[in-house]
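This report refers to the structure that appears directly beneath it.
The values are calculated or read from the model by the stated rules, or taken from the named source; none is laboratory data. Owing to the predicted nature of the structure, the values given are computational and were not obtained by experimental measurement. Quick reminder, even Gly has a Cβ in these numbers, built from the backbone with ideal geometry, and neighbours come from all protein chains shown.
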Amino acid sequence: MAIANRAATPTNTAPLTLDQQRAADAWQCAQAQSQSKEYVNLAKGLPALIMNSGLLQVMAFLEEKGPKQQHCSVVARDLRAWLRRRFPEVPEDFAGFMRALMNADSSKFQAITAESLAWLRWLRQLAAAISR
């Protein structure tokens, strides 16, 4: 009986992998917006939009739409907050974020874009699953 109890208690305290961190952050964001169908739909479409138009253009689009379409502001804020955690030199506010990306070298810009897409893959899946 003691062995069964020990097996049921997780003892693994290894640090989370980067993908697990992405999933945990996206999960929190998705849970906070689980009742917003617009948030879910935007989360589903953003990766394709970024791949077609580029990260800077999409972030500018979300900023423009934000005042009238709150879900745009929320997704943009959530993404910038995650990117700030991964790249401390990138500010979380819109203007600072845009300036930092415009001044970034190409390898840094590609890394930030790739990280955006990786996080959004989790957000897209989790937001859709929660909203069901």
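Residues in region 82-97 that are surrounded by fewer than 17 Cβ atoms within 10 Å (Cβ to Cβ) and closer than 20 Å to Ala48 by Cα: there are none.
Of the residues making up region 99-113, those that are surrounded by 15 or more Cβ atoms within 10 Å (Cβ to Cβ) and either within 15 Å of Asp78 (Cα to Cα) or among the hydroxyl-bearing types (Ser, Thr, Tyr) (or both) are Ile112, Thr113.
In region 114-132, which residue that is farther than 16 Å from Val75 by Cβ and in a helix (DSSP H, G or I) is modelled with the highest pLDDT? Here the residue is Ala114. When region 47-81 is filtered for residues that are crowded, with 16+ Cβ neighbours inside 10 Å and among the polar types (S, T, N, Q), only Ser73 remains.
Counting only residues that are surrounded by 16 or more Cβ atoms within 10 Å (Cβ to Cβ) and not small (Gly, Ala, Ser), which one in region 22-41 is farthest from Ala81 (Cα to Cα)? Restricting to residues being surrounded by 16 or more Cβ atoms within 10 Å (Cβ to Cβ) and not small (Gly, Ala, Ser), the top hit is Val40. Checking each residue in region 95-105 for being assigned to a helix (DSSP H, G or I) and within 22 Å of Leu18 (Cβ to Cβ) picks out Phe97, Ala100, Leu101.
State yes or no: is Lys44 touching a helix residue (DSSP H, G or I) at 6+ places or on another chain (Cβ under 6 Å), surrounded by fewer than 18 Cβ atoms within 10 Å (Cβ to Cβ) and of a type in the set (Lys, Arg)? For Lys44, the condition - touching a helix residue (DSSP H, G or I) at 6+ places or on another chain (Cβ under 6 Å), surrounded by fewer than 18 Cβ atoms within 10 Å (Cβ to Cβ) and of a type in the set (Lys, Arg) - is met.
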